[in-house]
Structures are given as C-alpha cells and as structure tokens.
There are 2 protein chains.
Amino acid sequence: MKIIVLKFGGSSVGNIKRIKKVANIIVSYKKKGYSPIVVSSAMSGTTNELIKKSKVITNNFTSSEYDVLVSSGEQIACSLIAGRLNDIGYKSRSWMGWQVPIFTEGAHSSSRITYIDKKKIMDYLRHGGIPVIAGFQGINSDDRLTTLGRGGSDASAIMCSKFFKAKRCIIYTDVDGVYTTDPNTFKRAKKIKVISYEEMLEMASLGAKVMQPTSIQDARLNRIDIEVKSSFVKKDGTKITKRKNVIANKIIRGISFTKNDAKLTLLGVKDKPGIAASIFKPLSYNAINVDMVVQNISADGKTTDLTFTIKSDDLIKTQRLIRKNSKISFRDLIVDKNVSKISIIGVGMIATPGVTYRMFQALAKKNINILVISTSEIKISVLINKKNIKKAIIALHKEFKLNK
Amino acid sequence: MKIIVLKFGGSSVGNIKRIKKVANIIVSYKKKGYSPIVVSSAMSGTTNELIKKSKVITNNFTSSEYDVLVSSGEQIACSLIAGRLNDIGYKSRSWMGWQVPIFTEGAHSSSRITYIDKKKIMDYLRHGGIPVIAGFQGINSDDRLTTLGRGGSDASAIMCSKFFKAKRCIIYTDVDGVYTTDPNTFKRAKKIKVISYEEMLEMASLGAKVMQPTSIQDARLNRIDIEVKSSFVKKDGTKITKRKNVIANKIIRGISFTKNDAKLTLLGVKDKPGIAASIFKPLSYNAINVDMVVQNISADGKTTDLTFTIKSDDLIKTQRLIRKNSKISFRDLIVDKNVSKISIIGVGMIATPGVTYRMFQALAKKNINILVISTSEIKISVLINKKNIKKAIIALHKEFKLNK
C-alpha cells in the first residue's frame, strides 16, 4: 500500500467550490495507485469567527472549552470533503481526533501529538476507503478535546506521515511553494525546488508564511520529506528535505526579511555582570520577543551601549518596562521604528568562505547602511533602514544569483 | 442530590448575550440547591447554515457525514455556555455525545437514544460540576456520530431526565408555555398551567410548535414531567404531565388549527374494494400526508364521492398523481385551497357527553359551515373555510370557557 498524506489548509477548503477542487486532487492520487490519507484544516475564517465568539464572553476563556469550540471547525470541513468524495463515487468518511484516536499531551490549545492509533485507519485504507482526518485536534488522557495551536494541522499531517509510514506528504496551501524571497515584494523571486529543513526553518521564522516552524522541526526530527504545493494552480511546488538531498549548487537558498521591527539603544548603561539579564527579564515575562542584540565594549569599563530589536507592536510596552525598571540605570534611550532585518540563508555558506563579505559589499555598493549584524551557521542577518529593503533584496538576489 | 435537567433551545442560545442569560438561569438553580444537567441545542441559524453548505455539494449528502456536519453546532453552543459558567466562577465543562457517552441506534439523522452511561457525569456532579451536554447527538455502535433529527435536543433532555433520574426537567424555549390557542392569532388566548401528554400530543401534531411530538411521546412513555418555559422572560410556564395530575375542571384544554390545508373531492369514483388504497398508495410513496378522509355512501352501489385533505404545498403534486393514476376512475376532481382545520382538544371530553354538539352549535350560530368532521378520543376536528378561522376560535374559546 502506497500511503500518501494530503493536507489541505484553510484557504484550500475556504468554500464549497474549493472543496470540490480538493476532492478532485484527492481522487487524482487515488487513480495513480496511492492510498490517500487526507488531513484538513477548518474552512478559512471559521476559526477566527469562533475565537471572536469566545472573546465576547471573556478574554480569559477556559482553554479546555476553547479547544472544544475551535475544533468544531475541522469537523465541518472534513464532513464536507468526505461528503463530496461520496457524491462523486468514492468510499470516504471523516475521522475526528477522538475517533482515530490521535493522542496528545501538554496544555490545552498548544498540545502535541504523542501517538496515533493506526488500527482503524489502516483497516479502512485496506478496504479502499479514503479517510479524511480532522487536523489540529486530538484527545488527551482524560478523553478531552485538545488542539495543537495555530497552524497545527501541518503538525497533524506530519505525525500522520510518521505513524502511517507514508511514502509522501503533501501540504496543499494557497502559495505554490517557497520562493527565494517574498514574490509580493520582489517580482523576480524564483521558486525553490528543494530546500533543507534547516534553511526552511530559518526562512519560516524570519517571515516566510508557508509553514509553522514547529511543524518543520517535527518533519526534520522524523525525517519526513514535505512537498508544499498550491491547491489553486497545478504547478510543481517546493520539497523540504534532509540537507544531503539538497543539491549544493547554490551558496544562498533565499532571502527573507521582516517589516515591523523596532530598534532600541540604551546609552550609558552601568556595565556590571548580569546587566543584560536585568534588562531582558521583565521583557521576557511580558512575552516580548527580543531578536538581535549588540553590546558595545565600554571604553572606560564603567558604562556600555546596548542595542536590541523587537517587533514594532511591542515598542510602547517595552519602553514603559525599561523606564520603570529599577534594577538598571542608563543615560538615554534611543528608539528607531524604521528598521527592517534582511537575512541571507543557505547551508552552502558553511563550506564557502567570504559570504559575509559579499553581502556587506553588495549592500555598501547601493549605499545601504548596516545598523546591526547577527549570524548563525546558515544565516546572516543585518538590520537596515526600512526604506532600503527593496533595494537590498534586488542587490542580494543578484549578488548570489538567485534568479538563475 | 436533586438533579434538574435544563434544556435550552436554539433561540435561547442564539447569541452571546442570550448565552450569558442562560448561564444566569443555570446558576439560579444551582443556588437553590439543585444539581443542574444542562442540555443545549445549537445557536439558532447555525444548523440551517450547515445544511445549506451540504446542499451546495449535493441534495443526497451522505447521512453519516451530514450528522458529523450538523452536530458541530451543539459543540459550539455547549463550549460557550461552559466557558461562560467558568468565567462567572462555576465549575462547568462541555460533554459531547461521545464523551458521556450517549448511545443511539437507528438510521443516521433520525437515531434514537437507547442508553446513557451515567458514570462520568454522576461523578462530575458529585464534585460540584455543571455538565453541559450537547443535545441532538450521540454515537452508534460503530463509534460514529449520530443525530436525532430535527428538534432532537428535546429528546436528549428527556432521556437525560430518565437515565439520571432527574427531579425536574425544564425545556427553555422562545415561547413562555402552551396556550389555549395560538396567541398570535387570538390575543385573548390563555396560558395552560397543566396539560396531559395526550392533550399536548394532539396540540403539537395539530400545529402548536412548542415541542416535537416524538419527544412528548418519549416523556409520556417514561412518565417524565416536563416544564416548558421561556428563557427570555421570567414567567410561569406550562407543565406537561400524566393525565391524572391534570385537574379535570375543564372539558376542553385548547384549540388548535392549521393554516395551509387543501381539500380534494373525487366525484363518481367506481366503488369497489381497495379503491381507497389505490388512491392513497401513490400519495404515500411520494411522502404526501393525507389528513382527514370522508367517503360518502354511494346511492346506487356503483360510484362514491371521496373527500380528503392535504397540506396546500402538496396540492399540485397530488393532483398530478391522481390524474395519472391508471388504477382508479372518477368523474371529476374538485379542489378547494381555502380550508382550515380547527380542533378542540381535552381529556375531559371522554367523560362529558354533548361536546360535539356544543362545538357544532357554537359554529352554526356564527354561520360557519362545517365541510368535513374527524374525531378521536380526546379531539374533535372540523374543516371550515379559511376565512372563518378567527371567528371560529373566538366562538369556541367562549363556548368552552377557555379564557377563565
């Protein structure tokens, strides 16, 4: 039996017309000799509508009931897909998390799948049925409904691929793959055919909205190849796979960037051990994500300048927290809301010296000033003025021959 | 433990404001020392919206998937009620049919509850929790979701009352009780304080929209007293109970009537054994409900006149079926669309002679012509011209002193 997991995102099942299209895609794999296991998200908009209802009651809606509420969305989508497959002559039925069952652990609304009972689904597949499994949901040891958190249907698909030993796992979404950079910002962005988990993780956490980083990590840990495709147009997608499967003809795989960053600089901070911790602890407690951090060496050994970036949305809260922080003293706080982070990503840079130099050189040629630098094994990020972002993408895209 | 079953219909939980009101009603019983078991319908409109989705796919949507689809509505309502109860400080959680579990048998979309496992809910009640159970749904022996058919949440409430041995069962709805006749048509209609199952069954099947006849029958068979109340206004409702609990001070309990009837008369039908069956068989096959039937004695023993009533909506279809029916021959077919059936109902008439006479006399005094008559043990129905319906209600209401 050639099992294939086909996962459809919210916009792919956004209305009945699209659900019919999805049914045709499923049938096309059945005809090719595959045994499809379908995993579906809720119809786009449904989950937000349900969350809105809970918010009218309270902003602290019980998380266990929140899971009951939102998991109804997948129930609707799955029954409609199975009903459509029945209508066009295929044996199919919906499976809720508790019916499979899909076991989870951890807190409500952010549970993780620990185990999927194969028995019933395998039996159904052997009898030629097409199971349509509700993504995003499972049950815990108390038989209560749980959800996996936003984007959790991807995790459902990957865990199904793992437990059912699927030959392939295709994530159908509203984009047709992963691009060298955001095609909406830069028209000449090229689709990436094959990308490693690690590169994809860097692309995702830096702004590419194709898949949730946790799901990519799940795929990486379980060595599951993922194909990302569009359910709207028939085109080759992008394959996310092991590093060694990625042909190393390119040093840089893609360019990602952020749009809503803010930079804060604390001038004349008293330089003593633990000062960074004192600054960042209250931010962390308030769920403010600090991204790039640079600390200048203090000339006199007494004070230092500390620069870091956060999401613009958190700026007011962050300023307030820093100003009322009695554990730190500083001369001045300078804020810059007009900054963006641009990153080049590629496993190729590990084996290739001079990549950093080429990046800086390419930006310098266009008179783009670098404010902060941060690097990892397969990524180099720089903070620049927001107005230069497009110019920087064009320069880097050309420098690393991404349109070839 | 004083268990009380509180059932809320679709309009009672129609929006968040009403759900908050429902939570207050539940709490008021908790404060009085009751242990409430809540049974909820879907928010009004939800089920119809879901059905519409299935109809866009096909009019023959698989019934098992239809059940998965529509049962998501109760899931939403129950989680919102439980979430609200939590928010105002009460221990509560939602229970889907499969979690209780509630076992059903019979065809999908028209299943019947056979057994409710008490264990988990009783344990939860003992720990002071308020369970909010999804009405209208259960599971079958294959662990598949089933629904009880339209209005099935009433059946859920009655079966919960039975299995949990509830002291009381209150059906909260958008009307504040059962009236002597439709208060929208006749302003002076009076609320009935106590009515027997049998009377209520006749009232329901003749047009009173308070409860589904099947649920009243369930209550009757299990000897469960039902209180019908409004969740909108704080007023005494109507109690539906055993015949012997109903004080027999009234001969007639209420007047019900239909609005959309049509009368058909076949003139000069060849009178031979089985002729009525030949006429009605194709109607029955086409789900056309024949109500009153009158056959005149034939003078010559060769032909007869046959009159019957149907819903106006079925008239065109019925005429076509009769005209193309090769098994029967008749001289003419006369149709009257302007008829209504008016019925007086009351267990008191069993022991009281002369009720029929009083009814006919009261109508005759107002020059209302009776077209067809039909009687049962506790009901007398007559067919009259539609234009006389209001006049007839006033006359009968007065004759049987229903406004006292």
What number, in percent, do you get for the relative contact order of the stretch A:102-161 if the mean sequence gap of Cα pairs under 8 Å and at least 6 apart is divided by its residue count? 37
Expressed in angstrom and ordered largest first, the alpha-carbon extents of the protein assembly as shown along the principal axes are 120, 62, 45
Spelling it out for A:ASP174: with amide H atoms placed in the peptide plane at 1.01 Å from N, the residues 5 or more places away or on another chain with amide H under 5 Å from its amide H are none
DSSP bridge orientation in chain A - percent antiparallel, rounded to nearest 5: 60
Angle between chain B longest axis and helix B:275-285 axis [Cα atoms, degrees, rounded to 10]: 30
Which whole-percent values make up P(r) of the stretch B:2-174 when all C-alpha to C-alpha distances are grouped in 5 Å steps starting at zero? 2, 9, 20, 23, 20, 14, 7, 3, 1, 0
Tell me, for the rotation carrying A onto B, which chain A residue has the beta-carbon closest to the axis and what that distance is in whole Å. A:SER72, 2
Along the dipole axis of the stretch A:2-174 (charges at Cβ: +1 for Lys and Arg, -1 for Asp and Glu; origin at the Cα centre), the most positive-end residue among A:ILE81, A:ILE51, A:TRP98 is A:ILE81
Which percent, to the nearest 5, of DSSP beta bridges fully inside the protein assembly as shown are antiparallel? 60
In terms of Cα to Cα distance under 18 Å, which aspartates and glutamates are near enough to A:LYS317, apart from those fewer than 8 places away along the same chain? A:ASP261, A:ASP291, A:ASP332, A:ASP336
Computed over chain A: longest principal axis from alpha-carbon atoms vs helix A:46-57 long axis, angle to nearest 10 degrees, is 70
Compute the acute angle (0 to 90°) between the alpha-carbon long axis of helix B:72-87 and the principal axis of greatest extent of the alpha-carbon atoms of chain B; round to the nearest 10°. 40
So, over other residues within a Cβ distance under 10 Å of A:ALA362, counting Lys, Arg +1 and Asp, Glu -1, the net charge is +3
Anisotropy class of the stretch B:257-399 from Cα gyration tensor, a/c 1.5 cut: prolate
Going by amide H atoms built from the backbone, whose H comes under 5 Å of the H on B:GLY14, apart from near neighbours? B:SER44
Quick calc, the protein assembly as shown, dipole around Cα centre from Cβ unit charges on Lys, Arg (+) and Asp, Glu (-), nearest 20 debye, gives 1180
How much of the DSSP beta bridge set in the stretch A:51-165 is antiparallel, as a percent to the nearest 5? 60
Put a label point 7 Å from Cα along the Cβ direction on A:ILE297, then list its distances to the equivalent points in the other copies in nm, shortest first. 12.4
Most mobile listed residue (A:VAL178, A:VAL100, A:VAL290) in chain A, GNM with C-alpha springs under 10 Å: A:VAL290
Show me, for the stretch A:371-378, the HN-Hα J-couplings you get by feeding each phi into the Karplus relation (A = 6.51, B = -1.76, C = 1.60, θ = phi - 60°), rounded to Hz, glycine and proline as x. 8, 9, 10, 8, 9, 10, 4, 10
Taking every other residue with Cβ under 10 Å from the Cβ of A:ILE393 and scoring Lys and Arg +1, Asp and Glu -1, one gets +3
Reachable aspartates and glutamates from A:LYS7, Cα under 20 Å, same-chain residues fewer than 8 places away excluded? A:GLU74, A:ASP117, A:ASP154, A:ASP174, A:ASP176, A:ASP218, A:ASP225, A:GLU227, A:ASP236, B:GLU65
Among B:ILE158, B:ILE113, B:ILE275, which one moves the most in a GNM of chain B with springs linking Cα atoms closer than 10 Å? B:ILE275
For a quick check, take a GNM of chain A with Cα springs below 10 Å and name the residue from A:ALA155, A:ALA219, A:ALA276 with the largest mean-square fluctuation. A:ALA276
Taking the C-alpha atoms of chain B, convex hull volume expressed per residue in Å³: 164
Using modelled backbone amide H atoms (1.01 Å from N, in-plane), which distant-in-sequence or interchain residues come within less than 5 Å of B:SER35's amide H? B:LYS2, B:ILE3, B:ILE4
Cβ-vector label at 7 Å, A:GLY89, separations to other copies in nm: 6.4
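The numbers here are math on the coordinates, done by the rules we state, and not lab data. No experiment lies behind these values; they were computed from the predicted model shown. Counting neighbours? That spans all protein chains shown, and the Cβs are built from the backbone with ideal geometry, glycine included.
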